[in-house]
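A.B. asks: Please read through the structure below; I'll follow up with questions.
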Amino acid sequence: MTEYVLPTHTNVFGSIFGGQILAWVDICAAICAQRHTGEMAITAGIDQLSFERPIRVGQVVRLAARVTATFKTSLEILVEVEGEDAKTGERWPCVRAFVTFVAVDGQLLPIPVPPLEITTDEERALVEAATARRSERLSRRSRPPKGMAGTAP
């Protein structure tokens, strides 16, 4: 996806709102998920992000998404966001996000996801890292928040 940064997308410093970037990341990842699954998919989570460099009004936002791993009913998608100066062609990294989606049917019930075809060492490394992130996410769900151990529900 390519987006043009307009004044309505920016804060008082002329830099794009992080929330605007996240909205575009979610849309880009949703399109990628739907293309892979052939079904509708809903956002289940976005891993921790760190913004590297701002994108300013009048510049261009470039988003690229790819499936990094598939599981039973979910898939992880990497979205890489770059800024671009349309005048000079300079590009720079803005943020990377790993977004998890769940494929759903018409009643919004999870359905199986087609497997990912893995052919390169890079793809194998991405699947391995995605599996580790998934394990960490699932373990966080099963343990109570700090300071909550032993409290009644």
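A.B. asks: Cβ-Cβ distance below 6 Å, separation of 6 or more or different chains: which pairs start in the range 11-30 with a residue that is within 14 Å of ALA64 (Cβ to Cβ) and end on one that is of a type in the set (Asp, Glu) and buried (at least 18 other Cβ atoms within 10 Å of the Cβ)?
C.D. replies: TRP24/GLU3
A.B. asks: So ARG66 fits all but one of (1) modelled with pLDDT under 95; (2) under 18 Å from the mean Cα position of the chain (by Cα); (3) of a type outside the set (A, V, I, L, M, F, W, C); what number is the exception?
C.D. replies: With respect to (1) modelled with pLDDT under 95; (2) under 18 Å from the mean Cα position of the chain (by Cα); (3) of a type outside the set (A, V, I, L, M, F, W, C), ARG66 is out only on (1).
A.B. asks: Can you tell me which residues in the range 118-153 are surrounded by 10 or more Cβ atoms within 10 Å (Cβ to Cβ), more than 19 Å from ILE46 (Cβ to Cβ) and at pLDDT below 90?
C.D. replies: If the condition is that a residue be surrounded by 10 or more Cβ atoms within 10 Å (Cβ to Cβ), more than 19 Å from ILE46 (Cβ to Cβ) and at pLDDT below 90, then PRO144 is the only one that fits.
A.B. asks: Quick check: is even one residue across the range 84-91 over 28 Å from ASP121 (Cβ atoms), without any contact (Cβ under 8 Å) to a residue 12 or more places away in the chain, surrounded by fewer than 16 Cβ atoms within 10 Å (Cβ to Cβ) and of a type in the set (Gly, Ala, Ser)?
C.D. replies: yes
A.B. asks: Separate question: Scan the range 59-81 for residues that are over 20 Å from PRO114 (Cα atoms) and out of contact with any Leu (no Cβ under 8 Å at 6 or more places or on another chain) and jot them down.
C.D. replies: GLN59, VAL60, VAL61, ARG62, LEU63, ALA64, listed by residue number.
A.B. asks: Moving to a separate point now. In the range 92-111, which residues are within 18 Å of LEU138 (Cβ to Cβ) and surrounded by fewer than 18 Cβ atoms within 10 Å (Cβ to Cβ)?
C.D. replies: Correct list: PRO110 only.
A.B. asks: Separate question: Of the residues in the range 10-52, how many are assigned to a strand (DSSP E or B), over 12 Å from VAL99 (Cβ atoms) and small (Gly, Ala, Ser)?
C.D. replies: Restricting attention to the range 10-52, the residues satisfying the condition of being assigned to a strand (DSSP E or B) are 10, 15-16, 40-46.
Filter again for over 12 Å from VAL99 (Cβ atoms), leaving 10, 15-16, 40.
Now drop any that are not small (Gly, Ala, Ser), which leaves 15.
Residues that pass the stated criteria total 1.
A.B. asks: Restricting to the range 53-76, count the residues that are farther than 21 Å from VAL12 by Cβ and either among the hydroxyl-bearing types (Ser, Thr, Tyr) or part of a loop (DSSP other than H, G, I, E, B) (or both).
C.D. replies: Residues in the range 53-76 being farther than 21 Å from VAL12 by Cβ and either among the hydroxyl-bearing types (Ser, Thr, Tyr) or part of a loop (DSSP other than H, G, I, E, B) (or both): 6 in total.
A.B. asks: Out of all the residues in the range 64-80, which are in contact with an Asp or Glu (Cβ under 6 Å, 6 or more places away or on another chain) and closer than 15 Å to GLU122 by Cα?
C.D. replies: If the condition is that a residue be in contact with an Asp or Glu (Cβ under 6 Å, 6 or more places away or on another chain) and closer than 15 Å to GLU122 by Cα, then THR68, ALA69 are the ones that fit.
A.B. asks: Those residues that are of a type in the set (Gly, Ala, Ser) and either farther than 11 Å from THR70 by Cβ or not in a strand (DSSP E or B) (or both), I need them from the range 102-136; list them, please.
C.D. replies: Once the filter is applied, which keeps residues that are of a type in the set (Gly, Ala, Ser) and either farther than 11 Å from THR70 by Cβ or not in a strand (DSSP E or B) (or both), the range 102-136 yields GLY106, ALA125, ALA129, ALA130, ALA132, SER135.
A.B. asks: Regarding THR100, is this residue among the polar types (S, T, N, Q), under 24 Å from SER135 (Cα atoms), free of Cβ contacts under 8 Å to residues at least 60 places away in the same chain and in contact with a Ser or Thr (Cβ under 7 Å, 6 or more places away or on another chain)?
C.D. replies: yes
The values are calculated or read from the model by the stated rules, or taken from the named source; none is laboratory data. Treat the numbers as computed from the prediction; the structure is a model and nothing was measured. Ideal geometry is used to build each Cβ from the backbone, glycine not excepted, and the neighbour counts take in all protein chains shown.
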